[in-house]
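This report refers to the structure that appears directly beneath it.
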Amino acid sequence: MFLLTSNSDDMQTVQTNAIEAARNAGVSYVVKGSALGASDHSKSPIGKAHYEVERALQESGMAWTILRPHVFMQNLLDLAPTIAREGTIRAASGDGKIPFIDTRDIAAVAAVALTTSGHGGKKYVLTGPEALSYGDVARIIGTVVGRPVDYVAESTEEARERLVRAGTPDWMIESALALAAYQRAGGPTAVVSKTVEEVLGRSPRSFAEFVQDHASAFRGR
């Protein structure tokens, strides 16, 4: 079974119920889509929830593989309308470097883990090929779309106010701000992993490739 759900305030319950149902149905092996930084001391509600699900899976008696991807490149598509309309990207990550990963590469790793042997009991950290700041992201998008895109580095409170105005749920706001704080601090969150290349036998997609593939969204047409 491949275990993946959207983020929600009841994600932990939904996924642990799925694990129990899979075990009762005789499923022998589960590949779980988790997140980088899943831990019992994460300041992100999403990170804590993933950790608890990981623990439930490891205690289930089924074989398992856990995928811990970094920030999805596709998350930038949520910002594409603002980028196209205003030419800006806003985030509270400061100059922190982030090795964004294309979700197509996550899917490819999951497919290999599900269909070939040798991946049981592994926790795979998945990243793209390079760590980029949001300033780098803005520059790359601007180059591809042919007009300037600026990065506006927000304070934590500015980001919170923007998310509140947008009607973002509290648990998601706290998760986003916690992630931004980890990114500002650097360290482990900026480390590039070689796992995608090792599993797939090729390099992960670059951010520039991702933007080229979705240039029309960033141009607003």
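The values are calculated or read from the model by the stated rules, or taken from the named source; none is laboratory data. The model shown is predicted, which means the values in this text are computed figures rather than measured ones. In this analysis, Cβ positions are derived from the backbone assuming ideal geometry, glycine residues included, and neighbour counts consider all displayed protein chains. For the accessible areas, the whole protein counts, side chains as well, though only heavy atoms, and no ligand, DNA or RNA atoms are used. Shrake-Rupley method; radii C 1.70, N 1.55, O 1.52, S 1.80 Å.
Among the residues of region 28-47, what is the count of those that are hydrophobic (A, V, I, L, M, F, W, C) and farther than 25 Å from Gly120 by Cβ?
Of region 28-47, the ones hydrophobic (A, V, I, L, M, F, W, C) are 30-31, 35-36, 38, 46.
Add one more test, that the residue is farther than 25 Å from Gly120 by Cβ, and what stays is 46.
Of the residues in region 28-47, 1 are hydrophobic (A, V, I, L, M, F, W, C) and farther than 25 Å from Gly120 by Cβ.
Name the residues in region 140-154 that are open to solvent by 70 Å² or more (accessible area, probe 1.4 Å) and touching a Ser or Thr at 6+ places or on another chain (Cβ under 6 Å), would you? Spell out the reasoning first.
Narrowing region 140-154 to residues open to solvent by 70 Å² or more (accessible area, probe 1.4 Å): 143, 147-148, 150.
Result: Asp150, single match.
Scan region 40-47 and give yes if some residue there is open to solvent by 60 Å² or more (accessible area, probe 1.4 Å), free of Cβ contacts under 8 Å to residues at least 24 places away in the same chain and either part of a helix (DSSP H, G or I) or at positive phi (or both), otherwise no.
no
Quickly run through region 48-74 and pick out the residues that are surrounded by fewer than 20 Cβ atoms within 10 Å (Cβ to Cβ), among the polar types (S, T, N, Q) and within 21 Å of Ala21 (Cβ to Cβ).
The answer is Gln58, Ser60.
Sort out which residues of region 165-202 are closer than 22 Å to Gly87 by Cα, surrounded by fewer than 16 Cβ atoms within 10 Å (Cβ to Cβ) and either in contact (Cβ under 8 Å) with a residue 60 or more places away in the chain or of a type in the set (Val, Ile, Thr) (or both), and write them in order of number.
Answer for region 165-202, where residues must be closer than 22 Å to Gly87 by Cα, surrounded by fewer than 16 Cβ atoms within 10 Å (Cβ to Cβ) and either in contact (Cβ under 8 Å) with a residue 60 or more places away in the chain or of a type in the set (Val, Ile, Thr) (or both): there is none.
Based on what the data block shows, is Arg205 touching a residue at least 12 places away in the same chain (Cβ under 8 Å), in a loop (DSSP other than H, G, I, E, B) and within 20 Å of the chain's Cα centre (by Cα)? Break it down stepwise before answering.
Numbers: touching a residue at least 12 places away in the same chain (Cβ under 8 Å): yes; in a loop (DSSP other than H, G, I, E, B): yes; within 20 Å of the chain's Cα centre (by Cα): yes.
Yes: the conditions hold for Arg205.
Restricting to region 84-120, name every residue that is open to solvent by 30 Å² or more (accessible area, probe 1.4 Å) and not in a helix (DSSP H, G or I).
Within region 84-120, Arg90, Asp95, Lys97, Thr116, Ser117, Gly118, Gly120 qualify.
Quick one: would you say Ala110 is farther than 21 Å from Thr143 by Cα and under 15 Å from the mean Cα position of the chain (by Cα)? Working first, answer last.
Numbers: farther than 21 Å from Thr143 by Cα: yes; under 15 Å from the mean Cα position of the chain (by Cα): yes.
Yes; evaluated as a whole, the condition is true for this residue.
Of the residues Glu157, Glu130, only one is more than 26 Å from Gln12 (Cβ to Cβ), open to solvent by 70 Å² or more (accessible area, probe 1.4 Å) and assigned to a helix (DSSP H, G or I); which?
Numbers: Glu130 fails: assigned to a helix (DSSP H, G or I).
Just one listed residue meets the conditions, Glu157.
Do you know which residues across region 30-39 are at negative phi and either assigned to a helix (DSSP H, G or I) or in contact (Cβ under 8 Å) with a residue 24 or more places away in the chain (or both)? Show your work before the answer.
The first filter runs over region 30-39 and keeps only residues at negative phi, leaving 30-36, 38-39.
Val30, Val31, Lys32, Gly33, Ser34, Ala35, Leu36, Ala38 - these are the residues of region 30-39 that are at negative phi and either assigned to a helix (DSSP H, G or I) or in contact (Cβ under 8 Å) with a residue 24 or more places away in the chain (or both).
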